[in-house]
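J.: I have a structure I would like to understand better, so I am pasting it below and will then ask my questions one at a time.
The values are calculated or read from the model by the stated rules, or taken from the named source; none is laboratory data. Please read all numbers here as calculations on a predicted model, not as lab measurements. Cβ atoms come from the backbone with ideal geometry, glycine included; neighbour counts cover every protein chain shown. Each accessible area value is taken on the protein alone, full model and side chains, heavy atoms only, with ligands, DNA and RNA left out. Shrake-Rupley method; radii C 1.70, N 1.55, O 1.52, S 1.80 Å.
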Amino acid sequence: MPRKVTKAVLPIAGLGTRFLPATKSMPKEMMTLVDRPLIQYAMDEARAAGITDFIFVTARGKGSLVDYFDRAPELESSLKEKGKTDLLDELARTDMPSGAISTIRQQQAKGLGHAVWCARRLIGDEPFAVILPDDVIDSETPCLQQMVDAQAETGGCMVAAMEVDESETSKYGILDVTDDGSASVRVSGMVEKPDPSEAPSNLAVIGRYILTPEVLDVLDHQDPGKGGEIQLTDAIASQIAGDPGVWGFKFDGRRFDCGSKSGFLQATVSYGLKRSDLRDDLAEFIRDIDPALLK
Ligand code: UTP
């Protein structure tokens, strides 16, 4: 039986260039979907999956992400005085037990593999989750919870996988799998951002992983790969030949790529429509959009 996963690494040291100029002075992960920043969606999902230790891999200018999970005594007492209990409840969702969040610095954005490797001393010798906060997944059972349950059966490394349009393979790590129709599929190959003509399938890796500590040993010596970055995909791929190997997990849910403008806007509309306090107004606005704009 694999060891329980209680630690999650959240790499948040990227430059977020696709959202410039907004990300010039604000971390991408603080952008809000309706009224919660992306980082909170990631933390809520992790907590629901039983994660108790959170490791933020940060960089210069990312301090607000750590501050966000601090208590805000002045704000709390002002809301209390005014009897704003609903807002106090909202604020309580950002409370974290002391010591639950650790931060480690990635001095240079050398790639996702390097960011995860920076956390190696805090991870130690146990399986751990990696969550990319810019992938927001809307699902009944939180995606990471689905994966923790599945990985307890398979052991080894597990990556969240979803089918993408064949023309889009060059944006993702793509899996070669033995697909028997079940949610967990054994991976026999992984390629980072292949051209559609070279892609082994249209099953793409997205931003949820459960990894074994052996991946960190591989990252100790790993050279830069595609795009000159130290790729996490390459380190995971090194585990394929072993036993229990690498598994793709076809999760239940809808993933929004909030690292892209289009994905972020889609998520905003979708999460807005799910909110009872906003639904009617937003739906009316969408229904009334000038058809000429939609052509
Ligand atoms: P992205 O590929 O989305 O890169 O990283 P980015 O820098 O955040 O954004 P763009 O492409 O310039 O717009 C995926 C995840 O990996 C983290 C990012 O913070 C994001 O959560 N990351 C990436 C690091 O922590 N360090 C890196 O060196 C690279």
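J.: What is the set of long-range amide H partners of Trp247 at a cut-off below 5 Å, with H atoms built 1.01 Å from backbone N?
T.: Cys157, Met158, Val159, Val187
J.: Set the Förster distance to 22 Å, then compute FRET efficiency between Ala183 and Ser139 from the Cβ-Cβ distance, nearest 0.05.
T.: Numbers: r = 13 Å, r/R0 = 0.57.
In this case the efficiency is close to 0.95.
J.: Here is a follow-up. What percentages make up the Cα-Cα pair-distance distribution of the chain when the bins are 5 Å wide from 0?
T.: Per 5 Å bin, starting at zero, the Cα-Cα P(r) for the chain comes out as 1, 5, 11, 15, 18, 17, 14, 8, 6, 3, 2, 0, 0 percent.
J.: Under a 5 Å amide H to amide H cut-off, with H placed in plane at 1.01 Å, what residues pair with Thr141 once short-range neighbours are removed?
T.: So Thr141 has HN proximity to no qualifying residue.
J.: For region 6-68, what percent of Cα pairs sit more than 19 Å apart? Before the final figure, lay out the partial values.
T.: On the way: 597 of 1953 pairs.
The calculated P(r) of region 6-68 puts 31 percent of pairs beyond 19 Å.
J.: Moving on to the next point. Using Cα springs under 10 Å in a Gaussian network model of the chain, which residue among Leu20, Leu132, Leu211 shows the largest mean-square fluctuation?
T.: Highest fluctuation among the options: Leu20.
J.: List, in order, the whole-Hz ³J(HN,Hα) value for each residue of region 158-173 obtained from phi through the Karplus relation with A = 6.51, B = -1.76, C = 1.60 and θ = phi - 60°; use x for Gly and Pro.
T.: Whole-Hz 3J(HN,Hα) from phi for region 158-173: 9, 10, 6, 10, 8, 6, 10, 4, 4, 6, 9, 4, 6, 9, 9, x.
J.: Still on this structure: Within the accessible area of the chain, what % is carbon and sulfur when the probe is 1.4 Å and the other protein chains stay in place?
T.: On the way: 7500 of 15150 Å².
Ligands and nucleic acids excluded, carbon and sulfur reach 50 percent.
J.: Among Ser188, Ser276, what's the order by accessible area (1.4 angstrom probe), most exposed first?
T.: Details: Ser188 70, Ser276 110 Å².
Putting Ser188, Ser276 in descending order of accessible area: Ser276, Ser188.
J.: What are the ³J(HN,Hα) couplings of region 126-142, residue after residue, when phi is run through the Karplus curve with 6.51, -1.76, 1.60 and θ = phi - 60°? Round to Hz, x for glycine and proline.
T.: 8, x, 9, 9, 10, 10, 9, x, 7, 8, 9, 10, 9, 7, 5, 8, x
J.: Excluding ligands, DNA and RNA, what is the solvent-accessible area per residue of the chain at a probe of 1.4 Å, expressed in Å²? Each step should come with its number before you reach the end.
T.: Working: 15150 Å² over 295 residues.
Result: 51 Å² of accessible area for each residue.
J.: Also, quick follow-up: When the helices in the chain are scored as -39500 (n - 2.57) per DSSP H run of 4 or longer and the sum is shared across all residues, what 222 nm value do you end up with, to the nearest 500 deg cm²/dmol?
T.: Values: 12 runs with 95 residues, N = 295.
It lands at -8500 deg cm²/dmol.
J.: Angle check, please: helix 38-48 long axis (alpha carbons) against the longest principal axis of the chain (alpha carbons), in degrees 0 to 90, nearest 10.
T.: 70 degrees
J.: On to the next question. By its C-alpha gyration tensor, with a ≥ b ≥ c as the square roots of the eigenvalues, how is region 38-158 shaped: rounded for a/c under 1.5, else prolate for a/b larger than b/c, else oblate?
T.: On the way: a/c = 2.34, a/b = 1.45, b/c = 1.62.
It comes out oblate by the Cα gyration axes.
J.: Check which residues have an amide H placed less than 5 Å from Met190's amide H, if you skip close sequence neighbours.
T.: Asp176
J.: Going by average Cβ density within 10 Å per residue, which order do the peptides 192-202, 152-162 take, highest to lowest? Before the final figure, lay out each step's value.
T.: Values: 192-202: 15.2, 152-162: 21.5.
Answer by packing, highest mean first, reads 152-162, 192-202.
J.: Please list 3J(HN,Hα) in residue order for region 113-125, calculated via the Karplus relation 6.51 cos²θ - 1.76 cosθ + 1.60 where θ = phi - 60°; whole Hz, with x for glycine and proline.
T.: Result, rounded to whole Hz: x, 5, 4, 5, 4, 4, 8, 4, 5, 7, 7, x, 10.
J.: Rounded, prolate or oblate, given the Cα gyration tensor of region 168-295, with a/c below 1.5 counting as rounded? The partial results should precede the final answer.
T.: Working: a/c = 2.42, a/b = 2.19, b/c = 1.10.
Verdict is prolate for region 168-295.
J.: So, one more: Equivalent-ellipsoid semi-axes (√(5λ), Cα gyration tensor) for region 123-193, whole Å, largest first?
T.: Working: eigenvalues 84, 52, 41 Å².
Over the Cα atoms of region 123-193, the semi-axes work out to 21, 16, 14 Å.
J.: To the nearest 10 degrees, how steep is helix 143-154 against the longest Cα principal axis of the chain, on a 0 to 90 scale?
T.: Between helix and principal axis, roughly 30 degrees.
J.: Which of the three applies to region 163-241, rounded, prolate or oblate, going by the alpha-carbon gyration tensor with a ≥ b ≥ c and a/c under 1.5 meaning rounded? Show your work: numbers first, answer last.
T.: Numbers: a/c = 2.15, a/b = 1.25, b/c = 1.72.
Oblate shape, in that a/c is at least 1.5 and b/c is the bigger or equal ratio.
J.: By how many nm would the segment from Phe69 to Ala283 grow when fully extended, if each residue of separation counts as 0.36 nm and the alpha-carbon distance is taken off?
T.: Values: separation 214, 0.36 × 214 = 77.04 nm, distance 3.23 nm.
Length gained between Phe69 and Ala283: 73.8 nm.
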